[in-house]
1. Has the stretch A:231-245 got at least one residue that is touching a residue at least 60 places away in the same chain (Cβ under 8 Å), within 22 Å of A:Gln167 (Cα to Cα) and in contact with a Leu (Cβ under 9 Å, 6 or more places away or on another chain)?
2. Could you say which residue among B:Leu351, B:Leu358, B:Leu328, B:Leu345 is at negative phi, facing chain A (nearest Cβ under 8 Å), in contact (Cβ under 8 Å) with a residue 40 or more places away in the chain and aliphatic (A, V, I, L, M)?
3. Within the stretch A:203-222, take every residue that is part of a helix (DSSP H, G or I) and within 16 Å of ligand 1 (Cβ to nearest atom) and give me the one that is most open to solvent (accessible area, probe 1.4 Å).
4. Hey, could you check the stretch A:151-167 for residues that are within 12 Å of chain B (Cβ to nearest Cβ) and in contact (Cβ under 8 Å) with a residue 12 or more places away in the chain and say which is nearest to the chain's Cα centre (by Cα)?
5. Output the number of the condition that A:Thr69 fails; it satisfies all remaining conditions of (1) at pLDDT below 90; (2) of a type in the set (Val, Ile, Thr); (3) away from ligand 1 (no atom under 11 Å from the Cβ).
6. Might you let me know whether the stretch B:174-187 holds any residue that is under 16 Å from B:Thr67 (Cα atoms), in contact (Cβ under 8 Å) with a residue 12 or more places away in the chain and surrounded by 14 or more Cβ atoms within 10 Å (Cβ to Cβ)?
7. Can you find a residue in the stretch B:292-306 that is surrounded by 17 or more Cβ atoms within 10 Å (Cβ to Cβ), at pLDDT below 90, part of a helix (DSSP H, G or I) and not polar (S, T, N, Q)?
8. Can you tell me which residue is farthest from the other protein chains (Cβ to nearest Cβ) among those in the stretch B:361-373 that are surrounded by fewer than 20 Cβ atoms within 10 Å (Cβ to Cβ) and in a helix (DSSP H, G or I)?
Amino acid sequence: MYDAPKLETALDQQDIKISADKVQVYYGETHAIKDVSVEIEDKTVTAFIGPSGCGKSTFLRTLNRMNDTIDICRVQGNILLDGEDIYHAKVDPVQLRAKVGMVFQKPNPFPKSIYDNIAYGPRIHGLANSKADLDVIVEKSLRRGAIWDEVKDRLHAPGTGLSGGQQQRLCIARAVATEPEVLLMDEPCSALDPIATAQVEELIDELRKNYSVVIVTHSMQQAARVSQKTAFFHLGNLVEYDDTSKIFTNPSDERTESYITGRIG
Amino acid sequence: MSDATIDPVTQPAPKRSSLHQTDARTRKRNAAEKRFKAYGICAIAVGIFFLVVLAVSIIRSGLPAFTQTVVSVEFTMTQDQFDAAEGELFKTKAYSAFFNNALVETLKEKGLEVESDAKAFERILGKTGGTLREFYRANPDELGKEVDFELSASSRVDGYMNGRLTRDNMEDSRFLEAADLDIVDAMITAGIIKETFNWNFITGADSGVDNPGGAGIGASVVGSFFMMLVVLCLSLPIGVAASIYLEEFAPQNKFTDLIEVNISNLAAVPSIVFGILGLAVFIQFMHLPQSAPLVGGLVLTLMTLPTIIISTRASLKAVPPSIRDAALGLGASRMQAVFHHVLPLAMPGILTGTIIGLAQALGETAPLLLIGMVGFVARGYPEGFISGFTDPNSAMPAQIYTWAARADVGFYEKAWGGIIILLIFLLTMNILAVILRRRFERRW
Ligand SMILES: Nc1ncnc2c1ncn2[C@@H]1O[C@H](COP(=O)(O)OP(=O)(O)O)[C@@H](O)[C@H]1O
Ligand SMILES: [Mg+2]
């Protein structure tokens, strides 16, 4: 029963979704990302690990051009999404972000109802033609966010009234409602308790069927649990990028080894 | 393990103290806290005291402006008497004589003897002849019928009626002599003099310098209203648009820094400077009409803009950046992020800032002095006033200033009365600000 889909994923994993080549990021004079090249595969969970301030968030934000909102930030190098340069002059970052969704470290639901939180993305992208369509999208997204059962009776209650873990799952549901192709998550579990974390991890595993997921995490266990590929960053450099199992059992760089055994970071 | 080996000599046992006894430190801290609370209460008490003093003195001085002393006399003027008066050389004098006669007769009927002294009657009731002549020329069919003629008494008599003026503190002047008060007393005994609510003060226009009784603030309320309309319609959209651009879109560079510094400085520029600017630009250069609410509104818009921009930017800044990130991360454009998410959250602050800016503008006098919205006696009010942004008019604070500057003490109470009206408007606006704030505030 399990064999067939597994084979399929294995085949899909060959596809490269995002390919970054010699990326440099500067904040004014600070060189935050140095010469990073990485290929992120489709239908795979890729984890970014590394000590605080090593540039994980910065690199993640270059993937959907959220860095454009920071005036002093400059990005050099090539980043291709499905072979297209996302920093090309013709690319509208708004269109890009509809394809590459993002979940932030701190849950940030809009101060609106749960329903409106989910419906906002589909509304501005014109994904629903009618109220009924929208209802379907909202329910589907909340189910994929593994929060439907908890909120189905209070869709019109404020999203900010949920607990931290529920809010984060709401934000994930909100991100998947726009049908992105890639989902970027910046330490999505850092504000959550272990139970909520487990729920979100389960959800990430679920999302892998349809999306390419990139997750920044502080927890090595989490990276080992949810990801297939792991990238280790240190001081703005990409030190090592390989299969997760390889990184955690047999890293080739000694800095990686020191980090995962707890000697740096 | 090591706990057991601690040497009691080198490691003194921790001092044990009872929770039921406050130690010296805590007592000192508590005393300091109590003192601080006491200072706070004192400060508030002093504030309230001055507020009460202010309110009481304003109300005491201002209330008389809302009442008016009228004398009502019943009489009949026949066609013959009318023709006779019209035939005289000094027509109004003839009418005065007729009226004085009627007044003396009325008092006589009640058993009160007063000497018919035309000068004294004029001091009490003003130029009655003119009023009477106007009335009969306008309503010729009233001739031959009995009319109940009401005339407002002079402001001195008003003062005597409400206690501002007494026999002891009065000085004989061309306005009123002590002997005149005997006539007034007789009128009081006869019951033909009474105090009524002075609607004219609320709805009327300013009068000439020698007629405080006829002065009203209505025209300048209309003027203020038109000005506020101009200010609101210009400063709210311009101010909010400028703030949104500066806060959400503009790049951070030397140029925007310069703009920012300038806006902060503009907020501190004395209002009279804006008045000079208005005079030079709007009236002398653009040839807009003088004394017009339109120009006043434009000048006050310039003054209000920095206030609105500063408060709007502050409330935009207070919206957590995570909300913008959330919207942008979903593929919203910057404008969508601002208008769908940031602006609604900033709304209460923007509205409060706007209303406070408007309230400031409503109370502003200095710039209006320079564009001629002051010392203006309306003619032909209310025609032409309701119609226009461009018709000459005054504004409430300018009107109050005009009255306060006039020689006749009767205008003094008008000025205070005007202040009451102005304060009512300001209070209403502030309450509105609070209500709007509550209404738009999202508590979640
Ligand atoms: N908005 C910013 N402005 C200036 N420097 C920044 C900004 N964001 C991050 N940095 C710098 O870039 C480096 C990488 O930061 P970040 O990507 O947030 O690290 P991580 O997410 O791995 O903890 C840090 O040295 C940080 O100080
Ligand atoms: Mg980070």
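The values are calculated or read from the model by the stated rules, or taken from the named source; none is laboratory data. Model, not experiment: these values are computed from the prediction. Neighbour counts run over all protein chains shown; Cβ positions are idealised from the backbone, glycine included. For accessibility, only protein heavy atoms count, side chains too; no ligands or nucleic acids. Shrake-Rupley method; radii C 1.70, N 1.55, O 1.52, S 1.80 Å.
1. No, there is no match, as no residue in the stretch A:231-245 is touching a residue at least 60 places away in the same chain (Cβ under 8 Å), within 22 Å of A:Gln167 (Cα to Cα) and in contact with a Leu (Cβ under 9 Å, 6 or more places away or on another chain).
2. Numbers: B:Leu351 fails: facing chain A (nearest Cβ under 8 Å); B:Leu358 fails: facing chain A (nearest Cβ under 8 Å); B:Leu328 fails: in contact (Cβ under 8 Å) with a residue 40 or more places away in the chain.
Only one candidate passes the filter, namely B:Leu345.
3. If we filter the stretch A:203-222 for residues that are part of a helix (DSSP H, G or I), which is where we start, we get A:203-207, A:220-222.
If we keep only those that are within 16 Å of ligand 1 (Cβ to nearest atom) too, we end up with A:220, A:222.
On the way: A:Met220: 41, A:Gln222: 10 Å².
Filtering the stretch A:203-222 for residues that are part of a helix (DSSP H, G or I) and within 16 Å of ligand 1 (Cβ to nearest atom), the one most open to solvent (accessible area, probe 1.4 Å) comes out as A:Met220.
4. Start the filter on the stretch A:151-167 by keeping residues that are within 12 Å of chain B (Cβ to nearest Cβ), which leaves A:157-162, A:167.
Those left that are additionally in contact (Cβ under 8 Å) with a residue 12 or more places away in the chain: A:157-160, A:162, A:167.
On the way: A:Ala157: 27, A:Pro158: 25, A:Gly159: 21, A:Thr160: 22, A:Leu162: 22, A:Gln167: 16 Å.
Checked the stretch A:151-167; the qualifying residue nearest to the chain's Cα centre (by Cα) is A:Gln167.
5. Here A:Thr69 clears every test but (3).
6. Kept after step one, since they are under 16 Å from B:Thr67 (Cα atoms), are these residues of the stretch B:174-187: none.
No, the stretch B:174-187 contains no residue that is under 16 Å from B:Thr67 (Cα atoms), in contact (Cβ under 8 Å) with a residue 12 or more places away in the chain and surrounded by 14 or more Cβ atoms within 10 Å (Cβ to Cβ).
7. Taking every residue of the stretch B:292-306 in turn, at least one turns out to be surrounded by 17 or more Cβ atoms within 10 Å (Cβ to Cβ), at pLDDT below 90, part of a helix (DSSP H, G or I) and not polar (S, T, N, Q).
8. First, pick out the residues of the stretch B:361-373 that are surrounded by fewer than 20 Cβ atoms within 10 Å (Cβ to Cβ): B:363, B:365-366, B:369, B:372.
With the extra rule that they be in a helix (DSSP H, G or I), the set shrinks to B:366, B:369.
Values: B:Ala366: 40, B:Leu369: 45 Å.
Among them, the one singled out is B:Leu369.
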